[in-house]
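Worksheet for the structure shown next.
The values are calculated or read from the model by the stated rules, or taken from the named source; none is laboratory data. These numbers come from a predicted model, not from an experiment. Positions of Cβ are generated from backbone atoms using ideal geometry, with glycine treated the same way; all protein chains shown enter the neighbour counts.
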Amino acid sequence: MSPENRLFKVMGGTVEHDISAYVASMCQEQNLDVHVGCDSQNYKKYTVYVTTVVFRYPGNGAHVIYRKEKVPKICDLWTKLWGETERSVELALLLLNECKLKVKQIDLDYNSDPNYPSQKLISASSGYIASLGFQAKVKPELLMAVWAANALCH
């Protein structure tokens with residue numbers, strides 16, 4: 001992951017933190033589950049991706065960090081959504097390899113309902129994620145990391 005892509009902010013904050021150092025400090029506190037996710041939003045001339053890490057304290061709330069990235073507008077839905085999968089996987093692998101932290105689940109902003117176009121990517125994305133040893137979840141499951149990413153995209 002490039003140096004600029006390693007900088008994450010706390011949801012509601014402005015200070016940027018190196019992801020590895022931040023995760024190391026968070027994991028010392030107490031038992032937690034980690035969820036990773038990404039969402040994207042198209043605007044007039046660009047696409048915004050927001051990639052999140054949710055530190056979930058079972059029965060005691062959650063803490064969110066994120067990275068926002070602006071890229072030239074991606075009009076092809078498949079390409080845009082696959083970009084969400086790639087960013088989530090890259091982050092989950094970084095957490096595993098550098099921080100020795102296993103992500104509990106990767107949240108995908110895809111809908112299992114066949115009436116939604118994102119449903120067509122579920123098999124490819126979840127298979128890719130499973131092949132790397134992670135668990136993928138899609139709507140209508142509870143997707144905390146995607147919820148946070150969606151809120152931060154706007």
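Figures for the structure shown
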{"quantity": "Some residue of segment 18-28 being assigned to a strand (DSSP E or B), within 20 Å of Phe134 (Cα to Cα) and modelled with pLDDT under 95", "calculated": "no"}
{"quantity": "Single residue of Leu81, Leu93, Leu7 found to be over 23 Å from Ile122 (Cβ atoms) and surrounded by 12 or more Cβ atoms within 10 Å (Cβ to Cβ)", "calculated": "Leu7"}
{"quantity": "Residue that is farthest from Val10 (Cα to Cα), among those in segment 40-57 that are part of a strand (DSSP E or B) and of a type in the set (Phe, Trp, Tyr)", "calculated": "Tyr46"}
{"quantity": "Any hit, segment 21-34, residues being free of Cβ contacts under 8 Å to residues at least 12 places away in the same chain and among the aliphatic types (A, V, I, L, M)", "calculated": "yes"}
{"quantity": "Pair list, Cβ under 7 Å, 6 or more apart: segment 76-104 residue touching a residue at least 24 places away in the same chain (Cβ under 8 Å) and farther than 14 Å from Cys38 by Cα, other residue among the hydroxyl-bearing types (Ser, Thr, Tyr) and in a helix (DSSP H, G or I)", "calculated": "Glu98/Ser20; Cys99/Ser20"}
{"quantity": "Filter result (in a loop (DSSP other than H, G, I, E, B) and not hydroxyl-bearing (Ser, Thr, Tyr)) within segment 1-17", "calculated": "Met1, Met11, Gly12, Gly13, Val15"}
{"quantity": "Candidates Leu7, Leu32, filtered to the one that is among the hydrophobic types (A, V, I, L, M, F, W, C) and either touching a Ser or Thr at 6+ places or on another chain (Cβ under 7 Å) or closer than 13 Å to Glu69 by Cβ (or both)", "calculated": "Leu7"}
{"quantity": "Residues satisfying the stated conditions in segment 41-76, i.e. aromatic (Phe, Trp, Tyr), surrounded by fewer than 18 Cβ atoms within 10 Å (Cβ to Cβ) and at pLDDT 95 or above", "calculated": "Tyr43, Tyr46"}
